[in-house]
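The values are calculated or read from the model by the stated rules, or taken from the named source; none is laboratory data. Model, not experiment: these values are computed from the prediction. Here the Cβ is made from the backbone with ideal geometry for all residues, glycine too, and neighbour counts use every protein chain on show. Ligands, DNA and RNA are stripped out before the accessible areas are found, and what is left, the full protein with its side chains, is counted by its heavy atoms. Shrake-Rupley method; radii C 1.70, N 1.55, O 1.52, S 1.80 Å.
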Amino acid sequence: MLFLILLVGGWASWVDIRELRIPDTVIVLGLSTSLTATFVGLLSPSSFLAGTLTASVQMLSIRLITRNKLGLGDVKLGIFLAGILGPLRWIIAAVAASMMMLFFLMPRIISGNAEKQELVPLAPALTACSLLCAYIPENLM
């Protein structure tokens, strides 16, 4: 589970920082690998399905509310990560990633240096918070 998050999330983060986009090849690799892990028995099928449905609704709703400010690459990465983490860990990771982004952008917002249409890579925050949430023990969920 951690290897998948690190491999796909790390690759997506690296590309997102450099190009401010996440290519579909990253997400296709991640989803096909996580589906294979589900069929082999490494991931729970119910958790995978619940996680992907939760993230799909959540991320697409955010995209619609923010009028396309959230890229579809971030949405697809979120769906992949939620499939790996399951719905509860994903919600915690998504909220933590949002708080992390806000924490790092707050000085620029306060100083007035942040532009209204500025693009910010979200993949590194999603990946880091997903890695941390993967360590939450099952008995706490």
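Cβ-Cβ distances below 8 Å connect the following pairs, each with a first residue in segment 1-26 that is of a type in the set (Gly, Ala, Ser), a second residue that is not in a helix (DSSP H, G or I), and a separation of six or more residues or different chains: 12/22; 13/121. Of the candidates 69, 76, the single residue that is of a type in the set (Lys, Arg), at pLDDT below 85 and closer than 20 Å to residue 4 by Cα is 76.
Selection of first residues in segment 39-50 that are outside any helix (DSSP H, G or I) and of second residues that are open to solvent by 80 Å² or more (accessible area, probe 1.4 Å), restricted to Cβ pairs under 8 Å at least 6 apart or on distinct chains, gives the following pairs, ordered by first then second residue: 42/1; 43/1.
Does residue 106 count as farther than 21 Å from residue 7 by Cα and either assigned to a loop (DSSP other than H, G, I, E, B) or at pLDDT 85 or above (or both)?
Values: farther than 21 Å from residue 7 by Cα: yes; either assigned to a loop (DSSP other than H, G, I, E, B) or at pLDDT 85 or above (or both): no.
Considered against the rule, which asks whether it is farther than 21 Å from residue 7 by Cα and either assigned to a loop (DSSP other than H, G, I, E, B) or at pLDDT 85 or above (or both), residue 106 comes out as no.
Within segment 34-63, the residues that satisfy the criterion of being among the polar types (S, T, N, Q), surrounded by 18 or more Cβ atoms within 10 Å (Cβ to Cβ) and over 13 Å from residue 75 (Cα atoms) are 34, 38, 47. Would a scan of segment 17-25 turn up a residue that is touching a Gly at 6+ places or on another chain (Cβ under 8 Å), open to solvent by less than 30 Å² (accessible area, probe 1.4 Å), within 19 Å of residue 55 (Cβ to Cβ) and not in a loop (DSSP other than H, G, I, E, B)? Within segment 17-25 (the criterion being touching a Gly at 6+ places or on another chain (Cβ under 8 Å), open to solvent by less than 30 Å² (accessible area, probe 1.4 Å), within 19 Å of residue 55 (Cβ to Cβ) and not in a loop (DSSP other than H, G, I, E, B)), the answer is no, since none of the residues qualifies. Do you know which residues across segment 80-96 are open to solvent by less than 30 Å² (accessible area, probe 1.4 Å) and part of a helix (DSSP H, G or I)? Answer for segment 80-96, where residues must be open to solvent by less than 30 Å² (accessible area, probe 1.4 Å) and part of a helix (DSSP H, G or I): 80, 81, 82, 83, 84, 85, 89, 90, 93, 94. The number of residues in segment 64-98 that are under 12 Å from residue 122 (Cβ atoms) and touching a Gly at 6+ places or on another chain (Cβ under 8 Å) comes to 3.
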